[in-house]
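The values are calculated or read from the model by the stated rules, or taken from the named source; none is laboratory data. Predicted, not measured: the structure shown is a model, and the values here were computed from it. FYI the Cβ positions are ideal-geometry reconstructions off the backbone, even for glycines, and counts take in every protein chain you see. Just so you know, the surface numbers come from the protein's heavy atoms only, side chains and all, with ligands and any DNA or RNA stripped out. Shrake-Rupley method; radii C 1.70, N 1.55, O 1.52, S 1.80 Å.
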Amino acid sequence: MTLPSSGTITLQQIATEFGGDAPHSLSEYYRGGSFTTSNNTNVPTSGTIKLTDFYGAVKQVFYAATGGTITTSGDYKYHTFTGSGTFEITTAGLATDGIDYVVVAGGGGSGQDNSGGAGAGGMIAVAGASKAVDTYTITVGGGGAGNSSAGTQGSASSGLGTSTTGGGRGSSWGTRTGGDGGSGGGSSASNTGGEGTAGQGNDGGNGGGDGIAGGGGGKGGVGANGSGTEGGDGGVGAQWLDGTFYAGGGGGCGEGASQGGGEGGNGGGGNGSDARGGGANGGTDGTANTGGGGGGGRLSNGNFDGGSGVVIIRYQYQ
């Protein structure tokens, strides 16, 4: 419990907040010592120390939790969920510390013939959230499957009260408009790209004519329109606190373009196919656990899946 910010303050109140065995002495309670935690910057680390230095002081309590794959970087722990599971908070930290987390849905899959790049899964980052001791369900969405007609939308992810929408499917020659989603899928021919979800992603790019498709949208930018030069590049994703980019859009097919398929957006977006021919011919799936959209396919080059989503939670533990 926070100590008074004015008026009378006693040594016993300080001992009750920070601990220690009687008989007590004020010299026990220098900041950074055995009892007074480092968040109390008004308390000196040595020299003269007064009762009034403890106005507004409070013992630092850090979060502790289980679930997912746990890694440590500096004073922070990261819980990474590449599949669905549970996150259990066993000790709740101070509200001023909070928990940072990111929720990324699965990216969309592309179609097979003149396909637009698929949209990235929706991405929402939350900073400084206050969460109670409890067990929280984490859901990680799968990437949308590539399909011989139009692709399929990615699946939603959720955790800690935040939900995101799967990435929009890439178009095909038969279904020429990219799908709506967390970010929209790119379109074929001269059609308008699919729409992204506000706060989660961006729209897909427009088709640029026969065999030239738009790129899928990403968290950080719209998918580029197809052109005579190349299929549209996928929209760029966004960088989170772990330094990694997530939710990049897939590049569009570039069969009729001079420089081939569009590049996937930074954040796991797959590349678009270059031209008619055997094998993938430059086209790629979205990267797993980034929410990246699949690259646009061209006939026998195949169709490409979206990358699965991810949920990552970070808090200070020391």
#### Entry: Checking Ile70 against (1) of a type outside the set (Ser, Thr, Tyr); (2) open to solvent by 50 Å² or more (accessible area, probe 1.4 Å); (3) farther than 30 Å from Ser163 by Cβ, the condition it does not meet
(3)
### Task
For residues that are touching a Ser or Thr at 6+ places or on another chain (Cβ under 7 Å), assigned to a loop (DSSP other than H, G, I, E, B) and farther than 22 Å from Gly243 by Cα, tally how many sit in the range 292-318.
7
### Query
Name the residues in the range 166-196 that are surrounded by fewer than 24 Cβ atoms within 10 Å (Cβ to Cβ), touching a residue at least 40 places away in the same chain (Cβ under 8 Å) and among the hydroxyl-bearing types (Ser, Thr, Tyr), would you?
Thr175
### Query
Among the candidates Asp21, Asp53, which residue alone is more than 30 Å from Tyr101 (Cα to Cα) and surrounded by 15 or more Cβ atoms within 10 Å (Cβ to Cβ)?
Asp53
### Task
Just give me the residues in the range 222-240 being surrounded by fewer than 24 Cβ atoms within 10 Å (Cβ to Cβ) and small (Gly, Ala, Ser), in sequence order.
Ser227, Gly228, Ala238
#### Entry: Subset tally (residues that are more than 15 Å from Gly167 (Cβ to Cβ), in a loop (DSSP other than H, G, I, E, B) and open to solvent by less than 20 Å² (accessible area, probe 1.4 Å)) for the range 241-263
5
### Task
Among the numbered conditions (1) of a type outside the set (D, E, K, R); (2) open to solvent by 20 Å² or more (accessible area, probe 1.4 Å); (3) on the phi > 0 side of the Ramachandran plot, tell me where Gly98 comes up short.
(2)
### Task
Name the single residue, out of those in the range 227-253 being in contact with a strand residue (DSSP E or B) (Cβ under 6 Å, 6 or more places away or on another chain) and at pLDDT below 95, that is nearest to Gly307 (Cα to Cα).
Gly231
### Query
Filter the range 30-50 for residues that are open to solvent by 40 Å² or more (accessible area, probe 1.4 Å) and of a type in the set (Val, Ile, Thr); which is nearest to Gln316 (Cα to Cα)?
Thr41
### Query
Pairs under 8 Å by beta carbon, first residue closer than 18 Å to Pro44 by Cα and free of Cβ contacts under 8 Å to residues at least 40 places away in the same chain in the range 16-29, partner in a loop (DSSP other than H, G, I, E, B) and open to solvent by less than 50 Å² (accessible area, probe 1.4 Å), six or more apart or different chains?
Leu26/Ile49; Ser27/Ile49; Glu28/Gly20; Tyr29/Gly20; Tyr29/Val43; Tyr29/Ile49
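Where in the range 96-214 are there strands (runs of 3 or more DSSP E), lying fully within it, with 1 or more residues that are of a type in the set (D, E, K, R)? First the steps, then the outcome.
Values: elements: 99-104, 123-129, 134-138, 157-159, 162-164.
The strands (runs of 3 or more DSSP E) meeting that bar are 99-104, 134-138.
Residue under question is Val61, and the condition is that it be among the aliphatic types (A, V, I, L, M), touching a strand residue (DSSP E or B) at 6+ places or on another chain (Cβ under 9 Å), in a loop (DSSP other than H, G, I, E, B) and surrounded by 11 or more Cβ atoms within 10 Å (Cβ to Cβ); does it hold? Reasoning before the result, please.
Working: among the aliphatic types (A, V, I, L, M): yes; touching a strand residue (DSSP E or B) at 6+ places or on another chain (Cβ under 9 Å): yes; in a loop (DSSP other than H, G, I, E, B): yes; surrounded by 11 or more Cβ atoms within 10 Å (Cβ to Cβ): yes.
Yes: the conditions hold for Val61.
Restricting to the range 1-10, count the residues that are more than 29 Å from Gln316 (Cα to Cα) and either β-branched (Val, Ile, Thr) or surrounded by 15 or more Cβ atoms within 10 Å (Cβ to Cβ) (or both).
Qualifying residue count for the region: 3.
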#### Entry: Residues located in the range 129-164, provided they are open to solvent by less than 40 Å² (accessible area, probe 1.4 Å), of a type outside the set (Ser, Thr, Tyr) and under 25 Å from Gly93 (Cα atoms)
Ala129, Ile138, Gly159, Leu160
